[in-house]
1. Which members of segment 327-361 meet the condition of being open to solvent by 30 Å² or more (accessible area, probe 1.4 Å), farther than 24 Å from Cys421 by Cβ and either modelled with pLDDT under 95 or in contact with a Lys or Arg (Cβ under 7 Å, 6 or more places away or on another chain) (or both)?
2. Check segment 255-263 and report whether any residue there is under 20 Å from Asp142 (Cβ atoms), crowded, with 21+ Cβ neighbours inside 10 Å, under 22 Å from the mean Cα position of the chain (by Cα) and among the small types (Gly, Ala, Ser).
3. When segment 362-383 is examined, which residues are found to be of a type in the set (D, E, K, R), modelled with pLDDT under 90 and in a loop (DSSP other than H, G, I, E, B)?
4. Could you tell me whether Arg143 is open to solvent by 50 Å² or more (accessible area, probe 1.4 Å) and either among the hydrophobic types (A, V, I, L, M, F, W, C) or under 28 Å from Phe76 (Cα atoms) (or both)?
5. Does segment 269-278 hold any residues that are closer than 20 Å to Arg299 by Cα and surrounded by fewer than 19 Cβ atoms within 10 Å (Cβ to Cβ), and which are they?
6. Pick from segment 397-422 the residues that are farther than 21 Å from Ser476 by Cα and in contact with a Ser or Thr (Cβ under 6 Å, 6 or more places away or on another chain): which of them is most open to solvent (accessible area, probe 1.4 Å)?
7. Scan segment 279-292 residue by residue and report those that are more than 25 Å from His344 (Cα to Cα) and either crowded, with 16+ Cβ neighbours inside 10 Å or in contact (Cβ under 8 Å) with a residue 40 or more places away in the chain (or both).
8. Could you list all residues from segment 285-318 that are more than 30 Å from Phe426 (Cβ to Cβ) and among the polar types (S, T, N, Q)?
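The values are calculated or read from the model by the stated rules, or taken from the named source; none is laboratory data. Worth saying up front: this structure is predicted, and the values here are computed from it rather than measured. Here the Cβ positions follow ideal geometry from the backbone for every residue, glycine too, while neighbour counts run over all protein chains shown. Keep in mind that these areas ignore ligands, DNA and RNA; they rest on the heavy atoms of the full protein, side chains included. Shrake-Rupley method; radii C 1.70, N 1.55, O 1.52, S 1.80 Å.
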Amino acid sequence: RPSVRQIVPFKHTDRTPEGADDQDRIDIALRVDDDTPSDSPYRGRTKPDYSRMLALIEAKCSSDEPEQQAAYAQLFKYSRHIYANQHDRRFVWGLTVCDSTFRICLLGQNRILSSGSIDVTTPDGRKALAKWLVNMSLCERDRLGYDSTLYYNGDEHRWEVKVHDDATGEFKVYEIISCMRISDRVCGRHTRCFCCKEIEPSRDVDEHGKSVEPREILVKRAWAITAQNSDDKSRDEVSLLREINNTLKDNKDLEGKYPTLLAGGVVRITDENGEMFDDTVKTAFAELSEETLRDVGSRTQKGMAMTPIGQDIRRCKSADELIIAAADVMEVHSAIRKQCNILHRDISINNILINRNGPGGGACGMLIDFDCALRIDDTTDHKARSEMTGTFPFMSINNLEASDVIRTELDDWESIIYVLCWLGTFGANTDDEEDMQAGGKPLRIYKWRNGDAVEVAEAKRNHMDTDKLFVSNIVSQFIQDPLYFPLMELVVNLRQKLFDNPNVSPKGRGTLESLMNFAFRFAAIPEQSKKEPCWDDGCNEDELDQFKRRATCAGKISDALLEAIKDAREVSKK
């Protein structure tokens with residue numbers, strides 16, 4: 001006989017549909033009445049207690065379309081709290097109740113699905129609703145949206161996570177200490193990171209005969225977009241990290257500046273019958289029709305165990321340490337691009353960490369998160385290389401404008417300039433950030449965050465156009481502390497080498513249209529812009545497009561940028 005779980009309403013919710021406190025708390029919630037410990041180190045602490053909610057219910061008095069849409073909106077809003085507080089949730093169930101009409105909602109990684117109207121004033125409607133509730137009581141736990149590879153070990157009184165390794169076919173088990181990154185989005189990758197430790201150390205004693213303490217391990221979970229061709233590993237993070245590890249393992253100068261992969265692969269779920277399956281959208285929603293599954297799209301949950309564990313880049317001790325970290329990151333970025341033909345494509349403040357146990361025991365920067373990385377070679381699809389990836393404040397202009405110019409390492413170099421500008425404005429650490437907020441300045445850098453992609457790109461075009469505009473709009477609003485002066489000098493130098501590089505001719509100032517609208521746009525050598533014509537009739541549009549021109553000499557420009565940031569690192573180290 002199948003085990004039966006008791007599903008009951010949650011306490012302390014608003015069970016009246018008047019909507020007076022719609023923005024404050026959910027209307028009704030269902031939970032499973034079980035003995036799962038509530039003091040989990042990876043479950044959140046919020047009111048109401050979302051850590052135990054199975055499904056959300058939003059109620060409205062009317063069945064009018066505006067009320068139905070409002071119920072959907074609130075359901076989606078509150079589902080984020082379930083993901084944030086239940087790190088073992090793969091998808092979330094919900095109900096909307098508008099007058100006597102129910103709709104069952106399934107909130108997945110790519111899409112939010114809703115059933116047709118279920119009218120409980122009719123026998124068929126009541127039967128359909130009762131059938132759903134009974135199924136929720138009897139079905140396998142993974143069909144409720146839970147991940148069986150994150151579980152409570154009652155014998156050892158600890159939470160554990162299993163990581164499947166594709167290379168060996170084995171599982172590695174780690175004890176969860178804390179959650180370092182939560183997922184609080186309705187759809188998407190739902191990336192989560194856990195601080196864990198080895199249950200059994202890889203060795204009992206070190207080379208000096210001293211006992212070895214269990215290592216701290218970072219376990220990452222994310223729903224990655226699945227390639228249509230299962231053999232295509234050009235953008236599979238686990239495969240890319242494994243290749244990076246194998247290629248760079250003998251380079252001691254880069255040790256600790258990128259993640260060391262201990263195990264990784266597709267998350268494999270074991271159901272209550274002992275059957276094991278890959279955790280993909282198609283297996284999770286296997287009962288849906290083929291047509292619906294095609295519309296939902298394809299994602300696969302991947303798990304990785306890595307070392308070392310770094311600190312947020314915003315915890316730098318000084319602007320000098322920030323410069324050192326940025327140089328380390330771009331050094332390993334260049335090595336990965338040249339030796340592995342892998343382009344990161346998502347340089348941001350979220351993907352740069354400080355490793356306090358770097359080479360020689362000092363601090364170094366570490367480049368993480370290869371979710372958006374792509375293997376670059378002659379067979380790489382041009383469309384894949386030109387797709388938009390990243391976070392608005394740190395995306396290159398070429399990326400934001402979604403042009404058909406292929407992305408190169410120079411787009412990532414442009415991103416590191418934006419990262420340094422952002423931290424130069426808001427502070428390399430929380431103490432500096434508080435000082436900046438106290439100043440109350442109107443910050444033009446906010447234009448890199450506000451608006452759509454086109455508006456952000458235009459703001460960056462204006463700010464990065466010339467040294468004078470860059471300094472007056474951005475650098476002048478850095479934290480006014482002498483300790484930040486080297487950072488100011490660095491970003492100005494990097495901007496010159498990227499946007500004013502002599503390898504990009506003075507004719508490369510954008511398209512003819514942009515030249516007419518914005519005088520001397522992207523002048524390759526500003527001091528010569530008044531001496532030479534903006535364009536000549538012999539140049540076609542490709543020759544006038546700076547991004548296309550600089551893509552042809554990306555390697556040479558990248559080398560100059562790397563030399564500049566490494567020189568700045570040496571000064572900061574002193």
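1. Within segment 327-361, Asn341, Arg356, Asn357, Pro359, Gly360, Gly361 meet the criteria.
2. No; the residues of segment 255-263 include none that is under 20 Å from Asp142 (Cβ atoms), crowded, with 21+ Cβ neighbours inside 10 Å, under 22 Å from the mean Cα position of the chain (by Cα) and among the small types (Gly, Ala, Ser).
3. Within segment 362-383, Asp377, Asp378, Asp381 qualify.
4. It is true that Arg143 is open to solvent by 50 Å² or more (accessible area, probe 1.4 Å) and either among the hydrophobic types (A, V, I, L, M, F, W, C) or under 28 Å from Phe76 (Cα atoms) (or both).
5. Of everything in segment 269-278, those that are closer than 20 Å to Arg299 by Cα and surrounded by fewer than 19 Cβ atoms within 10 Å (Cβ to Cβ) turn out to be Thr270, Asp271, Met276, Phe277, Asp278.
6. This residue is Asp404.
7. Asp279, Val281, Lys282, Ala284, Phe285, Leu288, Thr292
8. Selection gives Ser289, Thr292, Ser298, Thr300, Gln301.
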